[in-house]
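Take a look at the structure below.
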Amino acid sequence: MTFAIHGLAVARGIAIGRAVLVASSRLDVAHYFIEPAQVSAEINRVRDARDAVVAEIRRLQTSIGHMGPKETPQELSALLDVHLMLLQDQELAAGVQHWIKDRLYNAEWALTSQLDVVARQFDEMEDDYLRERKADLEQITEKVLRAMRGVSSPLIQPLGRAGRQTSQQDLLLDDTVDVPLILVAHDLSPADMLQFKQSVFAGFITDVGGKTSHTAIVARSLDIPAVVGARLSSHLIQQDDWVVIDGNAGVVVVDPSPIILAEYGFKQRQVELQRGRLARLLHTPAMTLDGQKIELLANIEMPDDASSALKAGAVGVGLFRSEFLFMGRHGKLPNEEEQYLAYRRAVEGMQGLPVTIRTVDVGADKPLDDTLRDDAHLNPALGLRAIRWSLADPAMFLTQLRAILRAAAHGQVHLLIPMLVHAREIRQTMALIDHARVQLDNRGVAYGPVKIGAMIEIPAAALTLKVFLKYFDFLSIGTNDLIQYTLAIDRADESVAHLYDPMHPAVLRLVANTIAEGHAQGKPISLCGEMAGDVSMTRMLLGMGLRSFSMHPAQILAVKQEVLRADTNKLAPWATELIAEDEPMIKPQKTD
Ligand code: PEP
Ligand code: MG
């Protein structure tokens, strides 16, 4: 039966394919495809882990047997019996083997997929006692996963899908061999998303997440259609279901009828045509009708993204989110050499164009590691994040600073500091940058000059720009956080996503003032939040005086098209009027 789920549009385009469900993030595990030759090793990995847990429970039962009835409540023995029974359940084992053999899922993914299947069966049980056994099942799964940790397989590119039934849609699309895959999950961490960056998913859907959550940002950088905040999608969509993602409207259509499929197929071709038209602008200089030169830069997450930035016509990298080098490493941070080589790769990849490397910004919705997610802090977005984290661990920060300074010997590097708010933080940061240089001098290691900039992403910083302009060579406006902190809206929380509004007059005033004050002092001002790549905002930002935009490479040509049609002389008075309105709204422009 065809039905639709509504969520938030985060990455444009249409994707049509089969659903691949990944387990809920409650049990955060790696998800990747294995090679056929690894099937038996993966099955053994689960079996060995399960046997280890069984042995552990048996040991516990024996030690309980030596205790008196007072010290061992009856419930405990009964519980251990239930756990043993579940662990040895044939259906669970057969299910896990199916995911590994037929789908080539890695062991952890297979186990959590089967957990989801069996958990659903428990949910449907009438008997309260049996229904509650779901919690036991989750506990033993966690135990097996823990036993498996440390015996992981290498990350491998996804392969073909085996064991799938041919459906009506398969026949309709005449594409039974290589049907695109759509990832469906309750939640995905940014680190998970990076892993998927190397894979072949044609789109993705999550139950949770806001438009500028870091997961959404990485999806946009992958340039694949995505919908987040599509509540319950991971429950409503079944493994292998046909789904359509309408990334423009934020809608997911499940089990589409042939007519709907044909309609989306047509829309998909339109999107392709539009892309083709934009590609013609690749070598056109980004200049407005009145001759203003506009700098269009790229936001990247990994050094190798430099090539897509170049291909998209970026004239530099305006934001390299270095934290992605630090994530998913089980707490083992990259050392100076590793970081230096990564930054150098990005710098050399840009072939002489400038690269703005932002120092690590972990915390909030960018945990270092899924397994290290820190729920102890109630407001992680207000906690030890970004520069606060760096200043709290000077040795780690100095390591990163030395690596960036060394990479600057190979090309133009700008050093960008996130989340600064106090003058004393600025002074501490500057002192540490000086200290990093002294350390390199003492070691006799070569390094290059860097321009130093600050992110303006906290309202307090935007309201005390004078201090920032005194210390920094350039500023970059981080609207993703600026909106979050100005409006007190968690950017990752879909339940308040309707209030996360870039057009709130308070946000617009902070952005416009930052641009104006910066330019008055002759300092370069860029904007690297998601607003920079949103074509509906381009004219307004040009009207505010912005001349440097940093965005996902995939957005550059669409923004360039807006720039080419703009006349800043006309846009400036319009933008001033717009900002003064109680509820500013941009009327949609006619586009081709
Ligand atoms: C921002 O806050 O706008 C920004 C660019 O930084 P991030 O999204 O990484 O927090
Ligand atoms: Mg930010």
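The values are calculated or read from the model by the stated rules, or taken from the named source; none is laboratory data. Values in this document were obtained by computation on a predicted structure and should not be read as measured data. Positions of Cβ are backbone-derived with ideal geometry, glycine not excepted, and every protein chain shown enters the neighbour counts. Quick note on the areas: whole protein, heavy atoms, side chains included, nothing else; ligands and nucleic acids left out. Shrake-Rupley method; radii C 1.70, N 1.55, O 1.52, S 1.80 Å.
Descriptive notes on the structure:
- Scanning region 467-483 for residues that are more than 10 Å from ligand 2 (Cβ to nearest atom) and assigned to a loop (DSSP other than H, G, I, E, B) yields F472, D473.
- Selected residue (only one of V496, V511 is within 13 Å of ligand 1 (Cβ to nearest atom), of a type in the set (V, I, T) and assigned to a helix (DSSP H, G or I)): V511
- Only one of the listed residues (R321, R344) is of a type outside the set (D, E), away from ligand 1 (no atom under 16 Å from the Cβ) and either open to solvent by less than 10 Å² (accessible area, probe 1.4 Å) or touching a helix residue (DSSP H, G or I) at 6+ places or on another chain (Cβ under 7 Å) (or both). That residue is R344.
- Elements of the type strands (runs of 3 or more DSSP E) sitting completely within region 1-106 and holding at least 1 residues that are open to solvent by 30 Å² or more (accessible area, probe 1.4 Å) and at pLDDT 90 or above: these cover 3-6, 8-11.
- Yes/no for A409 being open to solvent by 10 Å² or more (accessible area, probe 1.4 Å) and either outside any helix (DSSP H, G or I) or without any contact (Cβ under 8 Å) to a residue 12 or more places away in the chain (or both): no
- Check on N442, polar (S, T, N, Q), modelled with pLDDT of 95 or more and surrounded by fewer than 15 Cβ atoms within 10 Å (Cβ to Cβ): yes
- Pair list, Cβ < 9 Å and 6+ apart or interchain, from region 425-446 residues that are under 10 Å from R402 (Cα atoms) to residues that are in a helix (DSSP H, G or I) and at pLDDT below 95: none
- Residue in region 502-513 that is open to solvent by 40 Å² or more (accessible area, probe 1.4 Å) and either β-branched (V, I, T) or more than 19 Å from I579 (Cβ to Cβ) (or both) present: no
- If the condition is being open to solvent by 60 Å² or more (accessible area, probe 1.4 Å) and not acidic (D, E), then region 517-535 contributes H519, A520, Q521, G522, P524.
This table checks each residue for (1) more than 16 Å from ligand 1 (Cβ to nearest atom); (2) closer than 15 Å to E323 by Cα.
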| site | (1), (2) |
| --- | --- |
| P380 | no, no |
| I404 | yes, yes |
| A409 | yes, no |
| V413 | yes, no |
| L416 | no, yes |
| R437 | yes, no |
| G453 | no, no |
| L465 | yes, no |
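- Count of region 413-432 residues, restricted to those that are part of a helix (DSSP H, G or I) and closer than 17 Å to L475 by Cα, is 6.
- Taking residues in region 451-464 that are open to solvent by 30 Å² or more (accessible area, probe 1.4 Å) and modelled with pLDDT under 95, and partners anywhere that are within 12 Å of ligand 1 (Cβ to nearest atom) and in a helix (DSSP H, G or I), not one pair has Cβ atoms closer than 6 Å while being at least 6 places apart or on different chains.
- Subset of region 413-425 that is more than 27 Å from the chain's Cα centre (by Cα) and either away from ligand 2 (no atom under 16 Å from the Cβ) or buried (at least 23 other Cβ atoms within 10 Å of the Cβ) (or both) - its residue that is nearest to I458 (Cα to Cα): H422
- Every pair of residues 6+ apart whose Cβ atoms lie under 8 Å, when the first sits in region 283-295 and is touching a residue at least 12 places away in the same chain (Cβ under 8 Å) while the second is part of a loop (DSSP other than H, G, I, E, B) and surrounded by fewer than 16 Cβ atoms within 10 Å (Cβ to Cβ): T288/D567; L289/R565; L289/D567; D290/D567; K293/P285
- In the condition set (1) within 16 Å of ligand 2 (Cβ to nearest atom); (2) over 27 Å from A554 (Cβ atoms), E336 is compliant with all but (1).
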